[in-house]
Structures are given as C-alpha cells and as structure tokens.
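Working notes for the structure below.
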Amino acid sequence: MTFREIQPRDVPSLFEVRVATHENALSREELAARGVTEASVREQLAGSFRGWLCEVEGRVVGFAMGDRSTGEMWVIAVLPEYIGRRIGSRLLTAVECWLTECGCPRLWLTTDVDPTLKAYSFYLDHGWVDDRIADGNRYMVKHVAARPA
C-alpha cells in the first residue's frame, strides 16, 4: 500500500474510484451535472485544492481532497473492497493536516443526512461533529488549532 499526493495524471483513476463507491454513489454523468469533471478537478488541483491517494499494486483504491480556500474536506472515496483497512482514515488525516497547515481553523464537509450510513460514524469517530442539516445535506465541522500559513 502506497500513499502519495495526487498528481494531474491521476484524475482518471480518481473517477474510477468515485463512481464505484456504494454510499453516495454517483455516475460520471451525475458528477458532470454537478460540475465535477476530469477537467474541473485538474483545475482545482492547479488552484486551491490538494489531495492524496492510496495505491495497491499500482491501482488507485482510495483518495481524498480538500480546499484550502474554504477549509472544506471536499471528497473522500475508497473502493468498497478496501473499506476497513484504515485507508480512509489515513487519507482523511492527510487532508486535515494539510488544511490545518494552511491556516484553516475550522474544517467542514457535507455528507448524507442518514445517520445509519458508514460515512457518518466514520466522521464522528474522527472528531467531526454535526453543524446543521440544510439543502438535503448534513454539514459537519471539525475545529483545529490552525498554524499560520
């Protein structure tokens, strides 16, 4: 298992992982309708976004990205057959540490409103707390001791 920073050449593999998730499953067409395309992700990586991925035998099996301009934990996705191996935890921590180093004192994310989903307990287990439910999403936050950028 190898963890490393996401490079623009990795973007197609990220989409393979993202569309294969069981919870919050979205097709490439549904992602595109939300403005999430390979081109938009490359632009984000060239701007205020950064992310990390996990590879097993050269195959991307999970990734996470955040946005330093807002403190958002933007996405985390792990292939279903790799869940439970602490890959998501390591990826989440990498993004949280980076956002903290960038000076973000309050991190935030959106997830499904259903508290029975694994994602919700995953975030709770990692110190995230409920902020509000709005627009069909659950907003969660994590307060950190930010370091000056």
Checklist entry - What value, in deg cm²/dmol to 500, does the helix sum -39500 (n - 2.57) over DSSP H runs of n ≥ 4 give at 222 nm once divided by the residues of the chain? => result -9000 deg cm²/dmol
Checklist entry - Going by a ≥ b ≥ c, the root eigenvalues of the Cα gyration tensor, does the stretch 28-67 fall in the rounded group (a/c under 1.5), the prolate group (a/b larger than b/c) or the oblate group? => result oblate
Checklist outcome for this item: Amide H contacts under 5 Å for residue 113, restricted to residues at least 5 apart in sequence or on another chain and with H modeled in the peptide plane, are 138
Item to check | Where the stretch 14-120 is the region considered: accessible area per residue in Å², 1.4 Å probe | outcome: 49 Å²
Item to check | Longest segment of the chain lacking trypsin sites (Lys or Arg not before Pro) that sit in a DSSP loop with at most 15 other Cβ atoms within 10 Å | outcome: 87-149
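The values are calculated or read from the model by the stated rules, or taken from the named source; none is laboratory data. Bear in mind the structure is a predicted one, so any value in this text is a computation, not a measurement. Positions of Cβ are backbone-derived with ideal geometry, glycine not excepted, and every protein chain shown enters the neighbour counts. Just the protein is used for accessible areas: all its heavy atoms, side chains included, with ligands, DNA and RNA removed. Shrake-Rupley method; radii C 1.70, N 1.55, O 1.52, S 1.80 Å.
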